[in-house]
1. Any residue that is within 24 Å of VAL389 (Cβ to Cβ), touching a residue at least 60 places away in the same chain (Cβ under 8 Å) and over 17 Å from the mean Cα position of the chain (by Cα) - is there at least one of those in the range 133-141?
2. Which condition does GLY77 not pass, out of (1) of a type outside the set (Val, Ile, Thr); (2) more than 16 Å from the chain's Cα centre (by Cα); (3) more than 29 Å from LYS371 (Cβ to Cβ), if it passes all the others?
3. Would you confirm whether or not the range 130-138 contains a residue that is among the aromatic types (Phe, Trp, Tyr) and not in a helix (DSSP H, G or I)?
4. When you go through GLY175, GLY166 one by one, which is the residue that is small (Gly, Ala, Ser), at pLDDT below 85 and closer than 30 Å to HIS374 by Cβ?
5. Go through (1) over 26 Å from ILE282 (Cα atoms); (2) surrounded by 23 or more Cβ atoms within 10 Å (Cβ to Cβ); (3) out of contact with any Lys or Arg (no Cβ under 9 Å at 6 or more places or on another chain); (4) of a type outside the set (Ser, Thr, Tyr) for PRO63 and report which single condition fails.
6. TYR101 - would you say it is at pLDDT 85 or above, over 19 Å from ILE406 (Cα atoms) and part of a helix (DSSP H, G or I)?
7. Filter the range 421-447 down to residues that are in contact with a Leu (Cβ under 8 Å, 6 or more places away or on another chain) and in a helix (DSSP H, G or I) and give me whichever is surrounded by the most Cβ atoms within 10 Å (Cβ to Cβ).
8. Just give me the residues in the range 326-363 being closer than 28 Å to SER136 by Cβ and in a loop (DSSP other than H, G, I, E, B), in sequence order.
Amino acid sequence: MASSTSIFRRKSVEEALASTTDPERSLKRSLTAWDLAVMGVAVAVGAGIFSVGATAAANYAGPGVIVSFIIASVVCGLAIMCYAEFASTLPIAGSAYTFSYATMGEFVAWIIGWDLILEMLLASAVIAKFWGVYLSDAFALFGIDVPATIHAGPVAIDWGPVVIVGVFTLLLAIGTKLSSRVNAVLTILKVSITLFIIAVGFFYVKAENYSPFIPPAEPAESASGLHQSLFAFMTGQDPTMYGVVGVLSGAALVFFAFIGFDVVATTAEETKDPQRALPRGILGGLAVVTVLYILVTIVVTGMVSFRELAAADSPSLTTAFVLVGADWAGKVISIGILLGLTSVIMVLLLGLTRIVFSMSRDGLLPRGLSKTSHRFHTPVRLQVGAGIVVALIAGLAQVELLEEMINIGTLSAFVLVSFGIPLLRRSRPDLPRGFRVPWSPVLPIVSGVACLWLMTNLTTLTWLRFAAWLALGTAIYLAYSYRHSLLAKDRAALTDAEVPPTLAP
């Protein structure tokens, strides 16, 4: 075990579990496997289900995007299995941050926690921003003219994001169980709309649109300089579209339809019977999401030729319905998107506060942030503070320009959790595990490498922004967190207690 002065000092599983017994910083166990599965579906099925498959088919893989989704779901499944094992072994708030603390040490845990804050803060703000945009579009579709912004003096505020963030901040502050019930209703409604759209779309499917299933490769117009992928930037390769490479590139794109399941793991401390419920909830949610995305992709590529989708400015499922003359579907899909984004915002706000809560309880962030309400058993002050920050960013900033930062934060967490499984297996084989990743260490290593490969498909500019975020995080750790770490203080106190007092002369 690393010394108390090392930045790689590790928090034992026993110490991590003991931290949950603090009455002023404890969460109520109220969630079931069903709640977790619904949460996973809620965070993964948003606006993307109606657009990401069409975009990947148009610009990358053609009908072969179906294979892209299968590849992406397998890679995500590997990472999610690693999360399920960790969460059932360490049923504590904090997700990848907590897992890394027990396997790779404090500094690595801080960095991954810092990454997760980036992921969930930006994701909450970006999705809230899009929710406001789609709300305006929905009003316009139904002939209702409502301005999207209001003015407070010279400042223009997007009111939609502020309202939706405020509503869910209030719900989450009152209680996680109540929020999960509201989330379940919204999720059932949006899945029902998705299934309706899929069923109607199958009546327009033509077999000839699936041929060729994997179109021959051809040169692709690509962004240059810092806007090209890191892999292309480093290798200087000319980009192509379609073909086998296109299918793999499509997998990198559609993989981001599955991000968000790591948020479910942040609720481990609020789950009843976590050893059984967490693996079932996480893996069950992933199965439902995979089936839904593949069905939507089969429909969109079967309704129209991928060439017709490629000719559209922003190809989506709505594009396919318009091309076959079913314009009415746009209204139904717009309602589905609004419902989809609504539940995504709630789950992301929950995940953001649970990461900050866990880091605060460990002393790496100010301890006052982790105090919970005796009435609601939630970190009310933290939840309200996080809601205000997200609402301000979403209402005032063009945060959608940083959308790719969400992906790199998520994938970095996936990488560390995957590589952490064999480390914890080796250091603590005695721990009870509600779920075990099969064929370890092979599958966890494959998962980590696959996620690293997906990260290289992000733009070079995203990597530079990510490096700047990590540099800021490192500076904060060295200036504040290293000295205020509760683990370091406890270890130092224990060491002092073991040293016999010096005898007086």
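1. Within the range 133-141, one or more residues are within 24 Å of VAL389 (Cβ to Cβ), touching a residue at least 60 places away in the same chain (Cβ under 8 Å) and over 17 Å from the mean Cα position of the chain (by Cα).
2. Going through the list (1) of a type outside the set (Val, Ile, Thr); (2) more than 16 Å from the chain's Cα centre (by Cα); (3) more than 29 Å from LYS371 (Cβ to Cβ), GLY77 breaks only (2).
3. Scanning the range 130-138 turns up no residue that is among the aromatic types (Phe, Trp, Tyr) and not in a helix (DSSP H, G or I).
4. Sole residue among the options that is small (Gly, Ala, Ser), at pLDDT below 85 and closer than 30 Å to HIS374 by Cβ: GLY175.
5. Status for PRO63: all satisfied but (2).
6. Yes.
7. SER447
8. ALA326, ASP327, TRP328
The values are calculated or read from the model by the stated rules, or taken from the named source; none is laboratory data. Please read all numbers here as calculations on a predicted model, not as lab measurements. We place every Cβ from the backbone using ideal geometry, glycine too, and count neighbours over all the protein chains shown.
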